[in-house]
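I have placed the structure first, in the form of structure tokens, so that the comments after it can refer back to it.
The values are calculated or read from the model by the stated rules, or taken from the named source; none is laboratory data. Everything quoted here is computed from the prediction, not taken from an experiment. Cβ: placed from backbone, ideal geometry, glycine included. Neighbour counts: every protein chain shown. When the accessible area is computed, the model is the full protein with side chains, heavy atoms only, and any ligands, DNA or RNA have been set aside. Shrake-Rupley method; radii C 1.70, N 1.55, O 1.52, S 1.80 Å.
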Amino acid sequence: MYTALSDEPYLVPAVDVSRVPPQYVRQVVPFQGPEQPGSIVVDPSRRFLYLVQENGTALRYGCGVGKAGFDYQGSAVVGRKAAWPRWTPTPNMIKLEPERYGPYGGGVDGGLANPLGARALYLYRDGRDTLYRIHGTHEPDTIGHSISSGCIRLFNQDIVDLHRRVPVGTSVTVLDAYAEDRTVRAGLSVGV
């Protein structure tokens, strides 16, 4: 599942799963919630992204989320999908951390140095880009942490998997910090 991806334009390194807390490894879990199969639900407080499936289950991915004050909450849709996307820091990112983001103000082409990783799902609300993304990362140690400037990051292997599974128009719900756990607490993974 987390082997190197050699069939990509850039070699995506393998993830050493022995260094990953087991809850953040992709797995099928029991799921409770009003969302329809095919929907995405992000639980930032627990650092999970769920792709809702039939029969009360979901495919759960570990994720990294936004730092306090940089997080997105509410509903959106996948308005656009991209492989090896170009990245440009937002004006607010440049304003808050000019030394870090200023040099990238003109954008960064897709590739191994690009913070969006191998794929990106662009979140839209009311037909407008929210500037939030579900994307890959070349920093696997950030999964399970609140570290980003608001976007939701997955292992590159996981975003490639999710990108293949969801079409443009997919419903996305990002829960608030006080949301109930959508998994059945007694349930363990039920396979991938």
Quiz item: About its Cα centre, how strong a charge dipole does the chain have in debye, to the nearest 20, once Lys and Arg get +1 and Asp and Glu get -1 at the Cβ?
Solution: 160
Quiz item: What ranking do 91-100, 30-39 get when scored by the average of other Cβ atoms within 10 Å per residue, highest first?
Solution: 30-39, 91-100
Quiz prompt | Summed residue charge, Cβ within 15 Å of R86's Cβ, Lys/Arg positive, Asp/Glu negative | solution = +2
Practice problem: Amide H neighbours of Y132 under 5 Å, at least 5 residues apart or on other chains, H built in the peptide plane: list them. | Solution: L123
Quiz item: Counting only protein heavy atoms, what percent of the accessible surface of region 50-122 is carbon or sulfur at a 1.4 Å probe?
Solution: 52
Exercise. With all protein chains present, calculate the accessible area of D176 using a 1.4 Å probe and round the result to the nearest 10 Å².
Key: 70
Practice problem: Send over a whole-number figure in Å² for the accessible area per residue of the chain, probe 1.4 Å. | Solution: 50
Practice problem: Along Cα→Cβ, 7 Å out, is where each label goes; now give me the distance between the ones at E99 and R19 in nm to one decimal. | Solution: 2.6
Quiz item: So what's the angle, to the nearest 10 degrees on a 0 to 90 scale, between helix 156-165 and the longest Cα principal axis of the chain?
Solution: 70
